[in-house]
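The values are calculated or read from the model by the stated rules, or taken from the named source; none is laboratory data. Fair warning: this is a prediction, and the values are worked out from it, not measured in the lab. Neighbour counts are summed over all protein chains in view; Cβ atoms, including those assigned to glycine, are modelled from backbone coordinates with ideal geometry.
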């Protein structure tokens, strides 16, 4: 269990439908995932009544407006006394504080955010800096018979059929530690070098995604708009507007091209965050934190701007 100056650090595993949110990060006057979670936690902890500040969440991936998450991870530091008091004194007090936190958050959060688990984090855990990799999917329906109105906010509808084999071939050369300036929205002073560990396209033959064009993208971190720009370049190949070699040529140019469009957010979902073994969490966090500060980078997990 991680104590931070008499606080308990809790790992929070959650999922959300991003359709109704202006992204993860709290913004004045806008509905955000972070805002919903922190408002819900304030109610659970009775922060206002007790005159205590509301604990703030640190997230593994800052998704943007309209982007979904099935496997998001965050952490939050809660005063040890408030943590111990979570089960209350009712007949249900046999619950652990972590179980009580999940139950109470479930009762106050909107239906498009679900906290699946809360556990005391192991020493050294940092949801942002300890993470090894982030895994995303992007889903496209490129035929009329694949358009499901019940999934219209989670799958991009394409008007043209896509050559998925060509798209897969086109993106394979992009893996590795590379400069993705051609695929990132520039941020002053920020590096665009990332390790793209996997990118692949497939057309599943069974399951809920049967028939769809589905991209799988894994990296240590993503610069802003990177996944959606990679998908946009893939679509240009899949529609036959660009040759298979074009995405790699574009990467090598290290400049934005008008032919690359950032696809809409609805097809994008954060599926999983991977962390190292517990004994390696602190070292990983220290290493990544130092690297990010040296590069003056604020990591943005890809979303919709």
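Data for the structure
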| read-out | value |
| --- | --- |
| Residue in the stretch 267-280 that is farther than 30 Å from residue 127 by Cα, in contact with a helix residue (DSSP H, G or I) (Cβ under 9 Å, 6 or more places away or on another chain) and crowded, with 18+ Cβ neighbours inside 10 Å present | no |
| Filter pass, residue 15 being touching a residue at least 12 places away in the same chain (Cβ under 8 Å), assigned to a strand (DSSP E or B) and surrounded by fewer than 18 Cβ atoms within 10 Å (Cβ to Cβ) | yes |
| The stretch 147-174, residues that are closer than 28 Å to residue 65 by Cβ, free of Cβ contacts under 8 Å to residues at least 60 places away in the same chain and under 23 Å from the mean Cα position of the chain (by Cα) | 150, 151, 157 |
| Members of the stretch 92-109 found to be surrounded by fewer than 16 Cβ atoms within 10 Å (Cβ to Cβ) and closer than 25 Å to residue 271 by Cβ, listed by number | 106 |
| Any hit, the stretch 19-32, residues being under 24 Å from residue 228 (Cβ atoms), assigned by TED's automatic domain parsing to the domain that holds residue 80 and in contact with a strand residue (DSSP E or B) (Cβ under 8 Å, 6 or more places away or on another chain) | yes |
| Evaluation of residue 53 against (1) crowded, with 23+ Cβ neighbours inside 10 Å; (2) part of a loop (DSSP other than H, G, I, E, B); (3) more than 18 Å from the chain's Cα centre (by Cα) (one fails), failing number | (1) |
| Output for the stretch 1-19, where each listed residue is under 16 Å from the mean Cα position of the chain (by Cα) and over 17 Å from residue 101 (Cα atoms) | 16, 17, 18, 19 |
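Okay, residues lined up against (1) in a helix (DSSP H, G or I); (2) at pLDDT 95 or above:
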position	(1), (2)
260	no, no
276	no, yes
279	yes, yes
288	yes, no
298	no, no
302	no, no
